[in-house]
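To start, the structure itself, in structure tokens.
Just so it is clear, none of the values below were taken in a lab; they were calculated from the coordinates. Keep in mind the model is a prediction, meaning the values are calculated, not measured. Backbone-built Cβ (ideal geometry, glycine too); neighbour counts: all protein chains shown.
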Amino acid sequence: MQIRVRSGGHDYDGLSYVSEVLFVIVDLKNLRSITINAESNIAWVESGTLTGELYYRIAEKSKTLAFPTSVCPTIGVGGYFSGGGNSALLQKYDLAADNVIDARIIDVNGNILDRKSMGEDLFWANGGGGGASFGVILPRKVKLVIVPYPVTIFTLDRTLEQNATNLVHKWQYIAHKFPQELFIRVLDSNICVCSDPDFDPSLVVFRARVGNLSKPLIRIKPELGLPELYRKLILSCFATSLSMSGVKSSYTAYGGRAARLEIWGVPMLYFKAKSDYVKELILVTGWKKIWKKFYEEEAKTAQMIFSPYGGKMDEISKSSIPFPHRVGNITKSNTWCIGKKKEKKLPKGI
Ligand SMILES: Cc1cc2nc3c(=O)[nH]c(=O)nc-3n(C[C@H](O)[C@H](O)[C@H](O)COP(=O)(O)OP(=O)(O)OC[C@H]3O[C@@H](n4cnc5c(N)ncnc54)[C@H](O)[C@@H]3O)c2cc1C
């Protein structure tokens, strides 16, 4: 019999709740307390906490504290940290797992160990190389990071007719070299996910999020060479605290439900997803090939998200935690395809 540990249940392959053999689920969804000390910039976060809850609770305490937490608000902290944890703050503050300073873990004998009693090797092993290998992690102690207030976020939508290919092509040359405070990612899709009801994209949606005010925006203007784009960026910017901006982007993503903490839930979507690391710049012909794929029947609902690496990610050693995808990676890509129902019945856990 196997044991499956589940925090938020967001594993792409369902590793926390699927098995070929008989298994037991250790479900941590009720372990979700968050204790924040805003004076020492430290928090203890239990594994069943959702990443959006962490944003929300930090925002309640401080406008200038944050944590490198995912854009999606419904991921379990337990699995998120176990895989490293990519966020809009990664160029400035690394991965979530880089900011863990202690943890409590139940080992195979049922002992609860902290960093001191588990030793540095086991602590290192639990820090970003994947979950469920070395025990069940209960809470983690994390360093909160300091962010300016207010920060600016924006979304810009562009279709192919509006020269999106050129824009995305240029973006990949500069996004991983931006000042560390500026994070701009690209979301390619054949479906309209923008907030403007009159907008009807034929293919590409360019979405972006930025962590600073006008100065970095001025810097990107000459590089993109698009005064019109710059004007629109400024117009669509709005100032907010960073922790709340996590909530706001989630708000857009989940049709407003994230605005009320108590009704967050896992959306009932069935999808296939995978991540890749982009090490070489994609040529314009390559982007055009990608766009063609979106017109294929099975890719109608697909989305590709490209998040820039660089910044602090280039400076940290590949072995500081068990997460080797550091210098040499230009972006991380996530490809999603949303389906309507389960492909096959999955075996049930106990
Ligand atoms: C919609 C969506 C958006 C995403 N966005 C991002 C993103 O922005 N950034 C990012 O970095 N990743 C993102 N991911 C990937 C996500 O971070 C990982 O899939 C993560 O492992 C999910 O954690 P979970 O606790 O929700 O999942 P679970 O399925 O509960 O767990 C994932 C794995 O970790 C193990 N595990 C869980 N909890 C523990 C624990 N307490 N102790 C030991 N092992 C444990 C599980 O057994 C399983 O192997 C996204 C995934 C989805 C589905």
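Filter the cross-link list 116/274; 177/272; 312/332; 170/279; 141/312; 63/274 down to pairs whose alpha-carbon distance in this structure exceeds 25 Å. Pairs exceeding 25 Å: 116/274; 177/272; 63/274.
Taking the charge dipole of segment 2-146 about its Cα centre, with +1 at Lys and Arg Cβ atoms and -1 at Asp and Glu Cβ atoms, the residue from 52, 38, 144 reaching farthest to the positive side is 38.
Model label points for residue 338 and residue 173, set 7 angstrom from Cα along the Cα-to-Cβ axis, are 3.4 nm apart. With R₀ set to 35 Å, the beta-carbon distance separating residue 38 from residue 124 gives a calculated FRET efficiency near 0.80. Between residue 284 and residue 22, the modelled labels are 6.3 nm apart [label points 7 Å from Cα along Cα→Cβ]. Calculate, in whole percent, how much of the Cα-Cα pair population of segment 28-141 lies beyond 19 Å. Here the tail beyond 19 Å accounts for 41 percent of pairs. Contact order, relative form, for segment 2-146: 25 percent (alpha carbon pairs under 8 Å, 6 or more residues apart, mean separation divided by residue count). Note on 16, 62: ascending count of other Cβ atoms within 10 Å places them as 62, 16, the fewest first.
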